[in-house]
Amino acid sequence: MKQRSASVTRNTLETRIQVSVNLDGTGKGVLETGLPFLDHMLDQVVRHGLVDLEVRADGDLHIDAHHTVEDIGIALGQAFAQAWGDKKGITRYGHSYVPLDESLTRVVLDLSGRPGLEMNVEFTRARIGDFDVDLFREFFQGWVNHGMVTLHIDNLRGRNAHHQAETVFKAFGRALRMALEADPRMADMTPSTKGTLTETPAQG
């Protein structure tokens with residue numbers, strides 16, 4: 001399988017985002033989003049997904065974090081889509097259950113070429129430190145729209161919002177890792193009866 005890496009720059013009047021991803025990495029991250037809790041969550045994806053990820057963001061945080069979080073999700077979705085290319089020889093589907101103390105989250109994803117997000121997480125508080133938990137949906141929506149992925153996230157139980165968020169991102173990383181693994185029986189085949197898993201990403 002060829003090297004699967006990509007870099008994307010996204011500059012708008014609201015944000016300036018630079019991301020690089022290596023899907024066949026060793027779990028190394030350079031995370032400078034200006035949002036420490038988001039850095040902490042992205043680090044879960046790096047370590048549990050075994051991807052190398054660099055994210056540098058300069059956004060209008062003096063207004064709030066919405067534009068920055070959404071645009072990071074968009075740029076990462078674009079970078080992942082470029083990195084995995086035509087998806088030949090991959091497993092395609094991934095799933096993971098991850099616990100953290102009282103919290104348990106299930107993530108299931110399909111590198112389908114079609115964007116879809118079902119996120120069922122009832123956070124027990126509105127903010128974790130200074131971070132607005134509503135923005136997690138904006139991050140994942142941007143990622144699926146531009147990565148063209150079907151993603152289901154279900155927090156099955158949890159009382160501590162930090163634990164809920166951490167299990168979401170850990171399970172996301174583990175499910176992504178499974179989906180991206182090579183299936184030697186597929187070799188150069190695309191895991192789809194249509195013969196393709198590539199569609200046109202959303203614009204935005």
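The table for this structure:
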read-out: Ranked K88, K28, K2, K170, criterion: other C-beta atoms within 10 Å, fewest first; value: K2, K28, K88, K170
read-out: Nearest-0.05 FRET efficiency for H62 and S5, computed from C-beta distance (R0 35 Å); value: 0.60
read-out: Segment V30-R16, length gained on full extension (0.36 nm per residue, minus Cα span); value: 3.4 nm
read-out: Relative exposure of E122, E138, E14, judged by other C-beta atoms within 10 Å (fewest first); value: E122, E14, E138
read-out: Positive-end residue, the chain charge dipole about Cα centroid, Cβ charges, pick of G89, N22, G59; value: G89
read-out: Sum of -39500 (n - 2.57) over DSSP H runs of 4+, divided by residues of the chain (222 nm, nearest 500); value: -11000 deg cm²/dmol
read-out: Fraction of beta bridges assigned by DSSP in the chain that are antiparallel (%, nearest 5); value: 80 percent
read-out: Estimated FRET transfer efficiency when R0 is 22 angstrom, pair R127-D154 (beta carbons, to 0.05); value: 0.50
read-out: 18 Å Cα cut-off, lysine pairs counted over the chain (separation 8 or more, or different chains); value: 5
read-out: Label assignment, Cα extents along the principal axes in Å derived from the structure, set [x] 64, 37, 28; [y] 53, 36, 30; [z] 46, 40, 28; value: [z]
read-out: The chain: DSSP helices with Cα axial extent of at least 24 Å and average Kyte-Doolittle hydropathy no lower than -1.0; value: 66-84, 161-180
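A short reminder: the numbers here are calculations on the coordinates, not readings from a lab. Computed from a predicted structure; not experimentally measured. All Cβ positions, even for glycine, are placed from backbone atoms using ideal geometry, and neighbour counts span all protein chains on display.
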